[in-house]
1. Counting only residues that are touching a residue at least 24 places away in the same chain (Cβ under 8 Å) and closer than 30 Å to Leu13 by Cβ, which one in segment 27-67 is nearest to the chain's Cα centre (by Cα)?
2. Among the residues of segment 33-55, write down those that are loosely packed, with under 14 Cβ neighbours inside 10 Å and among the hydrophobic types (A, V, I, L, M, F, W, C).
3. With the structure loaded, tell me whether Leu43 is at pLDDT below 95 and either closer than 27 Å to Thr79 by Cβ or touching a Ser or Thr at 6+ places or on another chain (Cβ under 7 Å) (or both) or whether it fails that test.
4. Which one of the conditions (1) under 27 Å from Pro87 (Cβ atoms); (2) loosely packed, with under 14 Cβ neighbours inside 10 Å does Arg72 fail to meet, given that it meets all the rest?
Amino acid sequence: MSSPKLREYLTILTIRLAARRRDAYASGAIFLFSFIFFVALGLLGRLTDRDSFLSASLVVVFGIVFLMAWVRFTLIQSTIELIKHLPDSEGTETRVSLQKS
């Protein structure tokens, strides 16, 4: 892969990284809010058996969504690090940066 194409791919990955970071933060905030809300309602005794089952299932779903978003974020971040440290054809490490040379 030539260096300009690699640089373009790296630029696309950094844009995706920003989007995945935003998704992870948003889903994490929703999960944290729902978990705190579930615990608060449970401590106040406002949850019946059916309500607690539905609320717990929603909290679990929000937790899974957050974990999936965090894994996607971490994968893209790792891919960027991998591309930045790719060896060239002679086997020596070449650093690829986003700045044009």
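The values are calculated or read from the model by the stated rules, or taken from the named source; none is laboratory data. A quick note: this is a predicted structure, and the numbers were derived from the prediction, not measured. Here the Cβ positions follow ideal geometry from the backbone for every residue, glycine too, while neighbour counts run over all protein chains shown.
1. Restricting attention to segment 27-67, the residues satisfying the condition of being touching a residue at least 24 places away in the same chain (Cβ under 8 Å) are 27-28, 30-31, 34-35, 58-59, 62-63, 65-66.
Filter once more, so that each one left must be closer than 30 Å to Leu13 by Cβ: 27-28, 30-31, 62-63, 65-66.
On the way: Ser27: 9, Gly28: 10, Ile30: 14, Phe31: 14, Phe62: 14, Gly63: 13, Val65: 10, Phe66: 8 Å.
So, considering only residues that are touching a residue at least 24 places away in the same chain (Cβ under 8 Å) and closer than 30 Å to Leu13 by Cβ, the one nearest to the chain's Cα centre (by Cα) is Phe66.
2. In the first step, residues of segment 33-55 are kept if they are loosely packed, with under 14 Cβ neighbours inside 10 Å; the result is 33, 36-37, 39-40, 43-46, 48-51, 53-54.
Correct list: Phe33, Ile36, Phe37, Val39, Ala40, Leu43, Leu44, Phe53, Leu54.
3. On the way: at pLDDT below 95: yes; either closer than 27 Å to Thr79 by Cβ or touching a Ser or Thr at 6+ places or on another chain (Cβ under 7 Å) (or both): no.
It is false that Leu43 is at pLDDT below 95 and either closer than 27 Å to Thr79 by Cβ or touching a Ser or Thr at 6+ places or on another chain (Cβ under 7 Å) (or both).
4. Checking Arg72 against (1) under 27 Å from Pro87 (Cβ atoms); (2) loosely packed, with under 14 Cβ neighbours inside 10 Å, the one that fails is (2).
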